[in-house]
Amino acid sequence: MLTDKQILIMKKALIIGTGLGGLSTALRLAKRGYTVEMVEKYHQAGGRLNQIRKAGFTFDMAPTFFSMSYEFRELMASCGMDMPFEFVELDPLYAVNFAGSKRYYQIHKNLSRLAAEFENIEPGFEEKMKRYLTSAGKLFHDVEDIIIRRNFNSKMGYLQQMARVPWGHAPKMIRSVWSELDRYFESDEVKQIFSLVAFFLGATPFDTPAVYTILSYTEMVHDGYHNVKGGMYRIVESLLEELKKEGVHIHYNTEITGYTEQNGRITGFTDRVGNTFTADHYVVNADAAWFRNAIFKRTEYSTEHLDKMKWTLAPFTIYLGVKGKIDTLHHHNYYLGTNFREYAGKIFKNQISLNKPYYYVNVNSKFNPESAPEGCESIFILCPVPDLRYKPDWSDREELARNIIQDLSERSGYDVASNILTQTIYDPVDWEKTFNLHRGSGLGLAHDLNQMGAFRPKNYDEKFPNVFYVGASTTPGTGLPMVVISSRLVTERILKHDRVI
């Protein structure tokens with residue numbers, strides 16, 4: 001009689017896409033005895049968790065820190081592995097500068113140190129922040145296991161689970177992140193800084209439900225933010241090393257464009273040059289909504305329908321290798337203007353000038369000196385911008401980059417522009433083409449009430465029972481830890497399908 005392990009060796013999974021979700025799912029399945037094969041459109045693995053090497057500099061391509069580090073520990077424990085990379089908690093978490101001021105607010109996890117940053121603009125800050133974080137923490141722990149870490153087979157099942165959440169949290173479904181902060185704090189600077197968690201979701205604090213104030217709790221109390229020694233791409237490299245041991249083969253520069261089916265099941269996916277890849281199960285790590293449109297041609301996911309959905313802001317990114325050390329720059333920096341409410345309200349639909357944009361700066365060489373030649377800095381700049389529905393023409397990309405670099409030079413007191421050794425720009429068109437992101441949206445579908453939980457595209461296909469989805473635009477949502485959870489949930493579905501659990 002065959003054991004479960006021997007049965008699974010006879011099962012094969014093809015994973016389309018090698019983002020963190022795809023790699024994590026591949027590892028979970030391979031460790032459970034599945035034969036796993038992967039295909040990837042890009043020339044290297046990682047999806048948006050990628051890396052650029054140029055002229056002796058190394059840049060994290062998109063994510064530069066993460067929270068909920070224990071989800072990575074769960075992944076490794078479930079695969080019987082030790083942690084293959086080292087992460088270090090950030091403290092301070094980041095620094096924030098407002099236009100017209102030379103001051104940087106240092107965001108510490110220690111509330112006493114944090115309160116000292118705001119003592120002149122927010123009297124009683126420490127007690128106010130304790131109450132704010134306590135409220136957010138209660139919600140987090142009330143939903144973490146019954147909502148975030150669960151599969152849902154129907155919207156009704158999801159709503160039934162939501163009904164188990166204490167009703168005292170209900171107002172957070174209606175209020176925005178900004179209005180929730182407004183209940184605790186008076187200073188606009190304080191509200192702007194602690195509403196930046198909404199921008200981590202690719203949205204603004206005025207249109208993100210207050211339930212996502214749980215991110216303030218995860219960053220400030222629960223687990224903090226972490227960086228990886230050697231750079232964020234070390235996560236990808238370590239997973240690839242383990243997958244190689246498991247015999248997982250990855251086909252790069254391979255874009256899936258079609259499929260074959262028989263008797264209501266997928267029998268194979270085909271690439272642009274006609275190669276066919278077959279398996280028992282197929283896991284899609286491309287955007288779950290985009291794939292249903294681009295490959296399966298589903299009417300309910302047509303481009304017209306997708307355009308009516310709410311998407312996250314697009315990324316405009318600049319990667320700079322700069323000569324000289326810039327002491328005035330911190331590891332993680334946010335540069336804000338003086339018109340926060342107007343800017344946030346108009347940036348989505350390209351209704352405001354980008355001459356003075358809001359942006360984020362990561363100086364990887366502050367934490368990983370090897371990412372830049374000696375005496376130089378490796379700098380990554382991210383500016384959230386309108387997606388291609390609202391700004392399809394990016395012929396002004398060089399001008400926008402110059403504006404940002406000039407602003408950074410003025411605020412840091414260092415002539416960045418005159419000391420650039422290498423520069424790479426990715427506009428929303430580049431992001432769309434490189435990673436098949438709908439309209440260049442950086443983090444996929446937004447997290448409003450109609451696109452949360454079971455209202456997001458399912459992690460199993462509506463028509464083909466042997467097709468599954470993993471990643472940011474399916475359950476439970478965007479962000480590195482959420483994607484790791486997504487890999488656990490989709491693996492659970494496959495194992496149940498094969499009656500292993």
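Looking only at segment 57-67, residues that are modelled with pLDDT of 95 or more and farther than 22 Å from residue 431 by Cβ come to 0 in all. In this structure, does residue 244 turn out to be in a loop (DSSP other than H, G, I, E, B) and surrounded by fewer than 17 Cβ atoms within 10 Å (Cβ to Cβ)? Judged against the criteria, residue 244 is not a match. Annotation: of all residues in segment 25-56 being of a type in the set (Ser, Thr, Tyr) and surrounded by fewer than 23 Cβ atoms within 10 Å (Cβ to Cβ), the one that is nearest to residue 430 (Cα to Cα) is 42. Closer than 30 Å to residue 176 by Cβ and either assigned to a strand (DSSP E or B) or among the β-branched types (Val, Ile, Thr) (or both): which single residue out of 260, 204 fits that description? Of 260, 204, the one residue that is closer than 30 Å to residue 176 by Cβ and either assigned to a strand (DSSP E or B) or among the β-branched types (Val, Ile, Thr) (or both) is 204. Quick one: is residue 96 part of a strand (DSSP E or B) and surrounded by fewer than 16 Cβ atoms within 10 Å (Cβ to Cβ)? For residue 96, the condition - part of a strand (DSSP E or B) and surrounded by fewer than 16 Cβ atoms within 10 Å (Cβ to Cβ) - is not met.
Closer than 30 Å to residue 343 by Cβ, surrounded by fewer than 16 Cβ atoms within 10 Å (Cβ to Cβ) and not hydroxyl-bearing (Ser, Thr, Tyr), is that true of residue 399? For residue 399, the condition - closer than 30 Å to residue 343 by Cβ, surrounded by fewer than 16 Cβ atoms within 10 Å (Cβ to Cβ) and not hydroxyl-bearing (Ser, Thr, Tyr) - is met. In segment 429-436 there is no residue that is of a type outside the set (Ser, Thr, Tyr), farther than 15 Å from residue 286 by Cβ and part of a loop (DSSP other than H, G, I, E, B).
This table checks each residue for (1) in contact (Cβ under 8 Å) with a residue 12 or more places away in the chain; (2) under 15 Å from residue 313 (Cα atoms); (3) in the same structural domain as residue 304 (by TED's automatic domain parsing).
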residue: 424; (1), (2), (3): yes, no, no
residue: 427; (1), (2), (3): yes, yes, no
residue: 431; (1), (2), (3): yes, yes, no
residue: 438; (1), (2), (3): yes, yes, no
residue: 451; (1), (2), (3): yes, no, yes
residue: 456; (1), (2), (3): yes, no, yes
residue: 459; (1), (2), (3): yes, no, yes
residue: 465; (1), (2), (3): yes, no, yes
residue: 468; (1), (2), (3): yes, no, yes
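Scanning segment 133-149 for residues that are in contact with a Ser or Thr (Cβ under 7 Å, 6 or more places away or on another chain), in contact (Cβ under 8 Å) with a residue 24 or more places away in the chain and either hydroxyl-bearing (Ser, Thr, Tyr) or surrounded by fewer than 16 Cβ atoms within 10 Å (Cβ to Cβ) (or both) turns up nothing.
The residues listed here are 144, 117, 127; of these, the one that is of a type outside the set (Phe, Trp, Tyr), assigned to a helix (DSSP H, G or I) and in contact with a strand residue (DSSP E or B) (Cβ under 7 Å, 6 or more places away or on another chain) is 117.
Against the test of being touching a residue at least 40 places away in the same chain (Cβ under 8 Å) and surrounded by fewer than 23 Cβ atoms within 10 Å (Cβ to Cβ), the options 338, 317, 299, 303 yield a single qualifying residue, 338. Evaluated against (1) surrounded by fewer than 21 Cβ atoms within 10 Å (Cβ to Cβ); (2) under 22 Å from residue 479 (Cα atoms), residue 102 falls short on exactly one condition, (2). Set side by side, the residues 465, 481 differ, and just one is outside any helix (DSSP H, G or I) and either on the phi < 0 side of the Ramachandran plot or of a type outside the set (Asp, Glu) (or both), which is 465.
Screening segment 1-56 for residues that are assigned to a helix (DSSP H, G or I), among the aliphatic types (A, V, I, L, M) and modelled with pLDDT of 95 or more and picking the one that is farthest from the chain's Cα centre (by Cα) gives 30.
The values are calculated or read from the model by the stated rules, or taken from the named source; none is laboratory data. Note that this is a predicted model, so its numbers are computed, not measured. Heads up, the Cβs are rebuilt from the backbone with ideal geometry, glycines too, and the neighbour counts pull from every protein chain shown.
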